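Asks: Below: one structure in structure tokens.
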Amino acid sequence: MSVTIAMENGPLLGENNPLQAMVVIRNPRGLHMRPAMMIARLAAKYQCTGTLRKQDRKASLRSMTQLMLLAALQGTELELEVTGEDAQVALPILAKAIAANSSEDLELMLK
Amino acid sequence: MAIGPALVLDAEGVRIPQKRVLPSQVEAEVTRLHTALAASAFEATQSQREITQRLGAKFGAIFGAHALIFEDPAFLSDLDVLVRKERFVAEYAVSRAVRELVEAFEKEGENSFLAWRSGDLYDIEKRILKHLIGERRDPLRDVHEPSIVLARDLTPSETASLDRNSILAFATEHGGRTSHTAIMANAMELPAVVGVGHFLADVTSGDIVIVDGAEGIVIVGPDANVLAQYRKTRDARLSRSGHWVVERNLPSVTLDSVPITLLGNIEFPDEATACTARGAGGVGLYRTEFLYVGRDSDPSEEEHFRAYLRVISEMGEGRPIVIRTLDFGADKFVEAHRPKEPEKNPSLGVRSIRLCLRDTPLFCKQLRAILRASAFGDVRIMFPMISTLPELRKCLFLLKEVMEDLRESGIAFKPNLPIGTMIEVPSAAIMAAELAREVDFFSIGTNDLVQYTLAADRTNELVADLYSPADPAVLRLIKSVVDAAGKHGTGVNVCGEMSGDPLFTPLLVGMGLRQLSLAPNNLPPVKAVIRRLTVADAERIAAEAMTLDSARDVINYLLRERKRIHPEAVGGGEE
């Protein structure tokens, strides 16, 4: 899995300043209903809040509808941003989930 | 395809007036809204569970997504603004928020990889409104005679709740082929044409309608000629596969209430859907050869693992999945494993378990993947083509070693997963009592058992007439295996083609089998026979068949019995 995590702001940030990562959608069917649903559920487990950005469009990680409305097809590059207490823990996990190859892989990750 | 009287649903939706509440009533309105949202979420989660049980996890997930919308922060904050700031009544706020979402999704237009359609959003709206306004009379609940539903649109949950006993088919003006409504109809094998366009104005309830789902045709008020023609086509299709449409949701039990478990045989993970759609109790034979075919290298452990997980997630909880280890000849195998010299007699050569036991790294890779998958569902493992006791013990030894490795690496698996062996070589059938002590279950593979017992290759025309599962020698072997298994409390089923042929169903049940594994397509006709049979009847048939001295006599006898048990059935046996 190739997830590039760019912690531009240094390793100790995240609580107040956002942590960022670029994530590429690998699911051949894009970020459709099932992955969006699972990502929203996953994001709700963390304290931190997060967004996913595609150019000028922004979605809350906890909103399945906004995630779907990104209309992110396979190969789309998205900017992931998380802010909050457990951002450091959450970022790599969320990035991996968003970049999952299929809903099945994602389901496994969440088990 | 279906022909029947139309039931036209009220084309008018509920009209929600744009009303506001007094500032002092806003809090009460917010509470009312959230109560309805919570009730809707609860209901959608229940639908998810129910549909997962009935049709599989993939279909249940549609309603899981609906459930999540009731908690979606973006949707909730839209509603909050509408009720708190604009002081709209909850009903109006809901329909307005949903309409805005529909518009947002529609703007994505043909970017339709979003398996999400306005149908789902209206489903969500209807659910909330139902809790706000109270239940309206549901015309679909009062259908007493078989009808064809014609509607402007049907939501996925309305589709899922259609009663298959009274609704023959449906057609809608709106919606698309890829909508969840169409997907549900397909999973329920309900004839449907979705998105016909404007046509309801021309129909009245009671008109005769033809809905041909396969061709995407709806005919309203057909003339006598057309009607006769379609009736003929329909009856021809029905006589082949029809009765099960009515019986698909009924349990597989005999007339005297003895359950006969029907499991599906599958080759590809996708076929698990065909099993759940036909009410299979699990997968009795998951062939894994497809993982090896048509490639230049062996499949990785991960590839095995992923394929198994797909089947597990499709079958859902509580349904066993029997994974059979690699079962084919060296000749069909990837280059690396092909024998240096062609074997003179491949079907008696290095194939199946014999190949695996000679190439333990290859074998253990698959065992590891199966064990890992066992942590995620009711996975069972089965060894094919065992011909001797030492061979089976070698397999069990290797399996134990792999378990040990996994344990040391801290990888999860189910240490007590059920282990079985196929009985398809006559020597194994004869030694069944001894083999029964070593394993949890047997699966009788009649295809090979018939071939090896009669020493006849059925693809060789000159000897094909010798090949018959009805041969008395085969019947005796099966009976002795079932008896041996019974004595040791070992489970037993039949998974060859014989178990998928309804002609043999009474015979197999009469021999004591309570579990059969068959191709998904054959589940309905076999169940139809089971439901028309008593165990005493089956035992009498088996006893009589066992006295006959040729395959032909057995077949003729079974055909006569079938005419009595299930006169409307056709096909099967040697016809």
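Asks: Within the bounds of the stretch B:525-545, is there any residue that is within 24 Å of B:Ile430 (Cα to Cα) and assigned to a loop (DSSP other than H, G, I, E, B)?
Replies: No, because not a single residue in the stretch B:525-545 is within 24 Å of B:Ile430 (Cα to Cα) and assigned to a loop (DSSP other than H, G, I, E, B).
Asks: For B:Val30, state whether it is of a type in the set (Val, Ile, Thr), more than 26 Å from the chain's Cα centre (by Cα) and away from chain A (no Cβ under 14 Å). Even if it seems obvious, please write down each step before you answer.
Replies: Working: of a type in the set (Val, Ile, Thr): yes; more than 26 Å from the chain's Cα centre (by Cα): yes; away from chain A (no Cβ under 14 Å): yes.
So B:Val30 fits the description; yes.
Asks: Here are some residues: B:Leu477, B:Leu518. Which one is within 15 Å of B:Thr446 (Cα to Cα), hydrophobic (A, V, I, L, M, F, W, C) and free of Cβ contacts under 8 Å to residues at least 60 places away in the same chain?
Replies: Sole residue among the options that is within 15 Å of B:Thr446 (Cα to Cα), hydrophobic (A, V, I, L, M, F, W, C) and free of Cβ contacts under 8 Å to residues at least 60 places away in the same chain: B:Leu477.
Asks: Taking the stretch B:197-218, which residues are open to solvent by less than 60 Å² (accessible area, probe 1.4 Å) and in contact with a helix residue (DSSP H, G or I) (Cβ under 8 Å, 6 or more places away or on another chain)?
Replies: Passing the criteria: B:Ile210, B:Asp212, B:Gly213.
Asks: Let me ask something additional. Working only within the stretch A:92-106, note down all residues that are away from chain B (no Cβ under 14 Å) and not in a helix (DSSP H, G or I).
Replies: Answer for the stretch A:92-106, where residues must be away from chain B (no Cβ under 14 Å) and not in a helix (DSSP H, G or I): just A:Ala99.
Asks: Take B:Ala44 and tell me if it is outside the structural domain of B:Arg319 (by TED's automatic domain parsing), in contact with a Ser or Thr (Cβ under 9 Å, 6 or more places away or on another chain) and either more than 30 Å from B:Phe199 (Cα to Cα) or open to solvent by 90 Å² or more (accessible area, probe 1.4 Å) (or both). Break it down stepwise before answering.
Replies: Working: outside the structural domain of B:Arg319 (by TED's automatic domain parsing): yes; in contact with a Ser or Thr (Cβ under 9 Å, 6 or more places away or on another chain): yes; either more than 30 Å from B:Phe199 (Cα to Cα) or open to solvent by 90 Å² or more (accessible area, probe 1.4 Å) (or both): yes.
Yes, satisfied.
Asks: Condition first: modelled with pLDDT of 90 or more, closer than 21 Å to B:Glu71 by Cβ, part of a helix (DSSP H, G or I) and open to solvent by less than 60 Å² (accessible area, probe 1.4 Å). Can you find one or more residues in the stretch A:11-33 that meet it?
Replies: No; the residues of the stretch A:11-33 include none that is modelled with pLDDT of 90 or more, closer than 21 Å to B:Glu71 by Cβ, part of a helix (DSSP H, G or I) and open to solvent by less than 60 Å² (accessible area, probe 1.4 Å).
Asks: Answer yes or no as to whether B:Asp483 is in a helix (DSSP H, G or I) and open to solvent by 10 Å² or more (accessible area, probe 1.4 Å).
Replies: The answer is yes for B:Asp483.
Asks: Quick check: anything in the stretch B:408-421 buried (at least 18 other Cβ atoms within 10 Å of the Cβ) and under 30 Å from B:Tyr467 (Cα atoms)? Don't jump to the end; show me each part of the working.
Replies: Step one: list which residues in the stretch B:408-421 are buried (at least 18 other Cβ atoms within 10 Å of the Cβ), which gives B:413, B:417, B:420-421.
Then drop every residue that is not under 30 Å from B:Tyr467 (Cα atoms), which leaves B:420-421.
Yes, there is a match, as at least one residue in the stretch B:408-421 is buried (at least 18 other Cβ atoms within 10 Å of the Cβ) and under 30 Å from B:Tyr467 (Cα atoms).
Asks: If you take the residues of the stretch A:40-59 that are within 11 Å of chain B (Cβ to nearest Cβ) and under 20 Å from A:Asp105 (Cα atoms), which of them is surrounded by the fewest Cβ atoms within 10 Å (Cβ to Cβ)?
Replies: Residue satisfying both the conditions and the ranking: A:Ala44.
Asks: Quick one: A:Ile98 ticks every box in (1) open to solvent by 40 Å² or more (accessible area, probe 1.4 Å); (2) of a type in the set (Val, Ile, Thr); (3) under 26 Å from B:Arg372 (Cα atoms) except a single one, so which number is it?
Replies: Looking at each condition in turn, A:Ile98 falls short on (1).
Asks: What number goes with the only condition from (1) open to solvent by 70 Å² or more (accessible area, probe 1.4 Å); (2) assigned to a helix (DSSP H, G or I); (3) within 12 Å of chain B (Cβ to nearest Cβ); (4) not aromatic (Phe, Trp, Tyr) that A:Val89 does not pass?
Replies: (3)
Asks: Any residue at all in the stretch B:506-517 that is of a type outside the set (Lys, Arg), out of contact with any Cys (no Cβ under 9 Å at 6 or more places or on another chain) and modelled with pLDDT under 95?
Replies: no
Asks: Now for a separate question. For the stretch B:49-80, what are the residues that are open to solvent by 50 Å² or more (accessible area, probe 1.4 Å), more than 9 Å from chain A (Cβ to nearest Cβ) and over 19 Å from A:Ala59 (Cα atoms)?
Replies: Scanning the stretch B:49-80 gives B:Arg49, B:Glu50, B:Gln53, B:Arg54.
Asks: Still on this structure, I have one more. Does B:Leu168 count as modelled with pLDDT of 85 or more and hydrophobic (A, V, I, L, M, F, W, C)? It would help to see each step written out before you state the result.
Replies: On the way: modelled with pLDDT of 85 or more: yes; hydrophobic (A, V, I, L, M, F, W, C): yes.
Judged against the criteria, B:Leu168 is a match.
Asks: Quickly run through the stretch B:90-108 and pick out the residues that are within 10 Å of chain A (Cβ to nearest Cβ) and open to solvent by less than 50 Å² (accessible area, probe 1.4 Å).
Replies: Matches in the stretch B:90-108: B:Leu101, B:Ala104, B:Phe105, B:Glu108.
Asks: Follow-up. Identify all residues within the stretch A:60-86 that are within 12 Å of another protein chain (Cβ to nearest Cβ) and in a strand (DSSP E or B); write none if there are none.
Replies: Correct list: A:Ser60 only.
Asks: Related question: Regarding the stretch B:81-89, can at least one residue be identified that is under 21 Å from B:Ser157 (Cα atoms), surrounded by 20 or more Cβ atoms within 10 Å (Cβ to Cβ) and away from chain A (no Cβ under 14 Å)?
Replies: Taking every residue of the stretch B:81-89 in turn, none turns out to be under 21 Å from B:Ser157 (Cα atoms), surrounded by 20 or more Cβ atoms within 10 Å (Cβ to Cβ) and away from chain A (no Cβ under 14 Å).
The values are calculated or read from the model by the stated rules, or taken from the named source; none is laboratory data. This one's a predicted model, so the numbers in the text were calculated from it and none came from an experiment. FYI the Cβ positions are ideal-geometry reconstructions off the backbone, even for glycines, and counts take in every protein chain you see. These accessible areas exclude ligands, DNA and RNA; they are computed on the full protein's heavy atoms, side chains included. Shrake-Rupley method; radii C 1.70, N 1.55, O 1.52, S 1.80 Å.
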